[in-house]
Amino acid sequence: MNQRRLRHFTVVAETLNFSRAAERLHIAQPALSTSIQKLEAELGARLFDRGTSGVQLTTAGRAALLEARRILFHGESLQRAVRAVTDGTAGQLRVGFVGSAIYHLVPTLIPTYRLEFPNVELILRDITSSATIMTMLNEDALDLGIIRTPLREPHAATLLTLQKDNLILALPPSHRLAATAEHEQIRLSDLAHEPFIMYSSGEASGLHRISMSVCEAAGFAPLIAQEATQLATVLALVASGLGIALVPEVVRGQTTLRTAYRQLQHAEVSETTLALAYLAGDESPAAARFLDLASRHQIL
């Protein structure tokens, strides 16, 4: 059904005057008359009675007017919906994130994004491994991923660094160093014989690699008492007294666990980052909006 002709029909029906309808539509009256005639031929019914007293809707015309308005309304709704998806203010956005993103980035970015783009269906996935997130990006199972770097495997994604963290030391509350002043810096090499809670090399490769390299730079290979995938689990094991751990500084003061944190000496400090991963040139409009928002909330 030609929506342009339906629009012509509804305006004539509202004005009951071809001249005024043509003025409102900004077309010539003969062209309007031709459009109505073609619509009547298409429907197989006369829509208007044209007489000396003016123009009146026929019974068929009155029935057609209700449907024409409905079709035009839904057509305009469809156009609005398509425009919204095209410009990124509607549609769906799938974001995967590693556990360490919950300490700042997720609570910061997600409420802001939902406030700015309430009509986007936001699907969040808590995923244990940055490597899994990268695989899901490549398989189009995610639009964006918040990952921990460095990555173990080469990849084709573009990374937008969102947050930089120095590693600090997490200690059980019963540890001898937990009684030291909070501003006191610890020399990691003095802890070479301590049991460490270490990140899984497969599922948490970014934090695993950076923690191992920091220990190696301090002159020792850590004694690994337990391995864990999620940062929250590492902290819980530390709080349970099973060992010490190197953790991103962002966790300080953001956990209810009874864990002590101490700075490492400057010479032993190492940096880790959280980054937003995406396939450049293939991102959806909603993903592009999220990227723009995220770039405004970088913590560098």
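The values are calculated or read from the model by the stated rules, or taken from the named source; none is laboratory data. Because the structure is predicted, anything quoted here is derived from the model rather than measured. Positions of Cβ are generated from backbone atoms using ideal geometry, with glycine treated the same way; all protein chains shown enter the neighbour counts.
Things worth noting here:
- Hits in the stretch 222-235 (condition: outside any loop (DSSP other than H, G, I, E, B), of a type in the set (Val, Ile, Thr) and surrounded by fewer than 22 Cβ atoms within 10 Å (Cβ to Cβ)): 224, 233
- Among the conditions (1) in contact with a strand residue (DSSP E or B) (Cβ under 8 Å, 6 or more places away or on another chain); (2) of a type outside the set (S, T, N, Q); (3) more than 16 Å from residue 167 (Cα to Cα), residue 281 misses just one, which is (1).
- Any hit, the stretch 68-78, residues being on the phi > 0 side of the Ramachandran plot, among the aliphatic types (A, V, I, L, M) and either within 44 Å of the chain's Cα centre (by Cα) or not assigned by TED's automatic domain parsing to the domain that holds residue 203 (or both): no
- Given (1) assigned to a helix (DSSP H, G or I); (2) closer than 22 Å to residue 76 by Cα, index of the condition residue 27 fails: (1)
- Residue 73 meets all of the listed conditions (1) outside any helix (DSSP H, G or I); (2) without any contact (Cβ under 8 Å) to a residue 40 or more places away in the chain but one, namely (1).
- Residue 140 meets each of the listed conditions (1) surrounded by fewer than 22 Cβ atoms within 10 Å (Cβ to Cβ); (2) of a type in the set (D, E, K, R); (3) modelled with pLDDT under 90 apart from (3).
- Scan the stretch 113-137 for residues that are surrounded by 21 or more Cβ atoms within 10 Å (Cβ to Cβ) and more than 27 Å from residue 199 (Cα to Cα) and the total you get is 1.
- Residue within the stretch 85-93 that is assigned to a helix (DSSP H, G or I) and either assigned by TED's automatic domain parsing to the domain that holds residue 253 or not small (Gly, Ala, Ser) (or both) present: yes
- Residue in the stretch 34-50 that is surrounded by the fewest Cβ atoms within 10 Å (Cβ to Cβ), counting only those that are in a helix (DSSP H, G or I) and not aliphatic (A, V, I, L, M): 42
- The set of residues in the stretch 119-171 that are without any contact (Cβ under 8 Å) to a residue 40 or more places away in the chain, among the acidic types (Asp, Glu) and touching a Phe, Trp or Tyr at 6+ places or on another chain (Cβ under 8 Å) contains only 126.
- Restricting the first member to the stretch 273-300 and to residues that are over 20 Å from residue 206 (Cα atoms), and the second to residues that are part of a helix (DSSP H, G or I) and of a type in the set (Lys, Arg), no beta-carbon pair is closer than 9 Å while six or more apart or on different chains.
- Answer residue from the stretch 144-161, given it is within 15 Å of the chain's Cα centre (by Cα) and surrounded by 20 or more Cβ atoms within 10 Å (Cβ to Cβ) and is nearest to residue 282 (Cα to Cα) among those: 144
- Residues within the stretch 250-269 that are modelled with pLDDT of 80 or more and part of a loop (DSSP other than H, G, I, E, B), tallied: 4
- Residue 238 satisfies every condition listed in (1) surrounded by 18 or more Cβ atoms within 10 Å (Cβ to Cβ); (2) over 20 Å from residue 179 (Cβ atoms); (3) not assigned by TED's automatic domain parsing to the domain that holds residue 141 except (2).
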